[in-house]
Amino acid sequence: MADYQRICLVHYHEIGLKGRNRSSFEVRLVRNLEALLEPFPVVQIKRISGRILVVLAGDCSYEDACGVEDAIQYIPGVARVSCGYICDREIDIINDAAACALHDVGVFESFKVAARRNHTDFAIDSMEMNQIVGAHLCEQFPQAKVKMKEPDVEVRVEVIQGAAYVYARSLRGIGGLPVGVSGRVICLLSSGIDSPVACWRMARRGAVCIGVHFSGRPAAEATSEYLVDDIAHVLEKTGCIARVYVVPFGEYQRQIAALVPPDLRVIIYRRLMFKVAEALAHKERARGLVTGESLGQVASQTLDNIAATNDAVSLPVLRPLIGSDKLEIIQQAQDLGTFDISSQDATDCCTLFMPRNPETHAKLDKVREAEQLLPIDAWIEHILEEIEVKDYSCPAYTS
């Protein structure tokens with residue numbers, strides 16, 4: 001078999017529905033791909049009709065190509081990525097490229113050919129190409145059967161002006177929209193299982209995510225900060241997080257615990273967190289806050305308590321996990337690669353100074369009355385002065 005130029009074809013779905021905005025969405029996805037694939041043997045990334053073409057280096061091995069394909073698959077905005085070849089529009093060359101593409105798949109028992117001619121200046125039509133390429137593959141792979149419905153492998157041949165694309169190996173992407181097309185959000189990011197998944201879901205909807213982590217320091221060790229850093233490094237592999245603000249929050253919790261009725265502590269903690277997050281949102285030009293809350297999962301996540309914490313800010317608070325159960329969230333954390341990190345023991349601010357019987361149906365007037373005892377504005381000003389910042393790789397973010 002001859003050597004052909006290896007490529008990856010990036011397919012998208014939702015971007016194609018954006019009408020007059022489609023071009024800007026495609027450009028954003030190309031830019032994200034260019035930045036995130038910089039460590040890989042990629043020589044060119046460009047838009048073609050309805051897809052994005054990623055051209056790999058001439059000496060790129062099959063293993064290298066698979067690595068590129070695997071990296072692309074988890075980038076928001078990608079519906080599917082196909083690894084194959086670009087070749088001249090000659091039927092003998094197309095046949096040989098199809099055999100190379102099918103060989104790359106590995107073990108299979110059945111296949112079919114799906115050819116498409118996009119321009120009539122190529123003499124052989126789609127049906128005839130199916131027959132010619134299929135016959136050649138039957139000769140090259142006599143152990144395999146042709147199966148028109150639900151084959152193990154589908155060999156695709158697309159003949160366009162100037163070239164042909166041939167591929168068989170294809171992986172499903174995560175879909176959604178390219179990071180950077182939906183503005184910025186501030187994500188309250190803990191070292192637990194839920195909030196990294198919430199952050200990832202917002203990135204998949206095109207948002208640039210900026211995290212804020214409330215550490216139990218100095219009342220607790222900084223373990224949660226190290227875990228959040230590990231989580232952020234997982235998220236940045238696909239451009240899903242731009243930076244994380246770390247807030248040493250333990251001393252403020254200690255003061256709240258001393259001044260606020262025990263049953264309202266958790267609500268007041270969260271109201272202060274929301275106010276700090278909103279201040280950061282104004283600084284970062286973000287248009288919303290994001291939490292990993294799921295309705296009814298813990299005491300602070302009842303409808304009454306959610307309303308009491310929302311009251312602390314004017315920005316919209318987005319809760320992408322609100323209707324998800326714990327098993328669904330765990331599964332997504334495992335798929336994302338953050339579950340093992342989040343499963344490690346760490347004392348963070350969520351477990352500090354917890355009352356025995358927290359309020360589950362807070363009354364807003366009582367919450368506001370308790371909060372008036374606290375120097376909230378002075379605290380926020382001081383927190384913003386002592387806050388720590390860590391930046392991560394996000395192609396769509398500019399400070």
- Task: With respect to R51, determine if the residue is among the basic types (K, R), more than 17 Å from G175 (Cβ to Cβ) and surrounded by 15 or more Cβ atoms within 10 Å (Cβ to Cβ).
- Result: no
- Message: Is it the case, given these coordinates, that G183 is closer than 20 Å to V313 by Cβ and surrounded by fewer than 20 Cβ atoms within 10 Å (Cβ to Cβ)?
- Response: yes
- Message: Within region 122-197, considering only strands (runs of 3 or more DSSP E) that don't extend past its boundaries, which have at least 2 residues that are more than 30 Å from R287 (Cα to Cα) and of a type in the set (A, V, I, L, M, F, W, C)?
- Response: 153-160, 163-172
- Query: Quick one: in region 153-164, which of the residues that are within 21 Å of V81 (Cβ to Cβ) and at pLDDT below 95 is surrounded by the most Cβ atoms within 10 Å (Cβ to Cβ)?
  - Reply: A164
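Does V43 satisfy the criteria of being within 23 Å of I241 (Cα to Cα) and out of contact with any helix residue (DSSP H, G or I) (no Cβ under 6 Å at 6 or more places or on another chain)?
Against the criterion (within 23 Å of I241 (Cα to Cα) and out of contact with any helix residue (DSSP H, G or I) (no Cβ under 6 Å at 6 or more places or on another chain)), V43 does not qualify.
Given the options V146, V133, V157, V179, name the one that is in contact (Cβ under 8 Å) with a residue 12 or more places away in the chain, assigned by TED's automatic domain parsing to the domain that holds C66 and within 27 Å of R22 (Cα to Cα). Walk me through it before giving the result.
Details: V146 fails: within 27 Å of R22 (Cα to Cα); V133 fails: within 27 Å of R22 (Cα to Cα); V179 fails: assigned by TED's automatic domain parsing to the domain that holds C66.
After applying the criteria, what remains is V157.
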- Query: All but one of (1) out of contact with any Gly (no Cβ under 8 Å at 6 or more places or on another chain); (2) surrounded by 24 or more Cβ atoms within 10 Å (Cβ to Cβ); (3) assigned to a loop (DSSP other than H, G, I, E, B); (4) not hydroxyl-bearing (S, T, Y) hold for I210; which doesn't?
  - Reply: (3)
- Message: I'd like the full set of residues that are in a helix (DSSP H, G or I), crowded, with 17+ Cβ neighbours inside 10 Å and not β-branched (V, I, T), limited to region 311-343.
- Response: Q332, A333, L336, F339, S342
- Item | Selection status of G67, small (G, A, S) and part of a loop (DSSP other than H, G, I, E, B) | no
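Please tell me if A71 is farther than 17 Å from E139 by Cβ, surrounded by fewer than 19 Cβ atoms within 10 Å (Cβ to Cβ), in contact (Cβ under 8 Å) with a residue 24 or more places away in the chain and under 33 Å from the mean Cα position of the chain (by Cα). Break it down into steps so the answer makes sense when it comes.
Values: farther than 17 Å from E139 by Cβ: yes; surrounded by fewer than 19 Cβ atoms within 10 Å (Cβ to Cβ): no; in contact (Cβ under 8 Å) with a residue 24 or more places away in the chain: yes; under 33 Å from the mean Cα position of the chain (by Cα): yes.
No.
Restricting attention to region 23-71, which residues are among the charged types (D, E, K, R) and under 18 Å from A203 (Cα atoms)?
Within region 23-71, the first condition is being among the charged types (D, E, K, R), and the residues that meet it are 26, 28, 31, 34, 38, 46-47, 51, 59, 63-64, 69-70.
The answer is E26, R28, R31, E34.
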- Query: In region 111-140, what residues are surrounded by fewer than 16 Cβ atoms within 10 Å (Cβ to Cβ) and either aromatic (F, W, Y) or more than 14 Å from I94 (Cα to Cα) (or both)?
  - Reply: N118, H119, T120, D121, M127, C138, E139
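Going by the structure shown, is S294 in the same structural domain as D263 (by TED's automatic domain parsing), at pLDDT below 95 and under 26 Å from G173 (Cβ atoms)?
Working: in the same structural domain as D263 (by TED's automatic domain parsing): yes; at pLDDT below 95: yes; under 26 Å from G173 (Cβ atoms): yes.
Yes.
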- Can you find a residue in region 223-242 that is among the hydrophobic types (A, V, I, L, M, F, W, C), closer than 18 Å to S324 by Cα and touching a residue at least 12 places away in the same chain (Cβ under 8 Å)? no
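The values are calculated or read from the model by the stated rules, or taken from the named source; none is laboratory data. In this text the structure is predicted, and so the values were computed from the model without any measurement. When we count neighbours, we look across all protein chains shown, and the Cβ atoms used for this are built from the backbone with ideal geometry, even at glycine.
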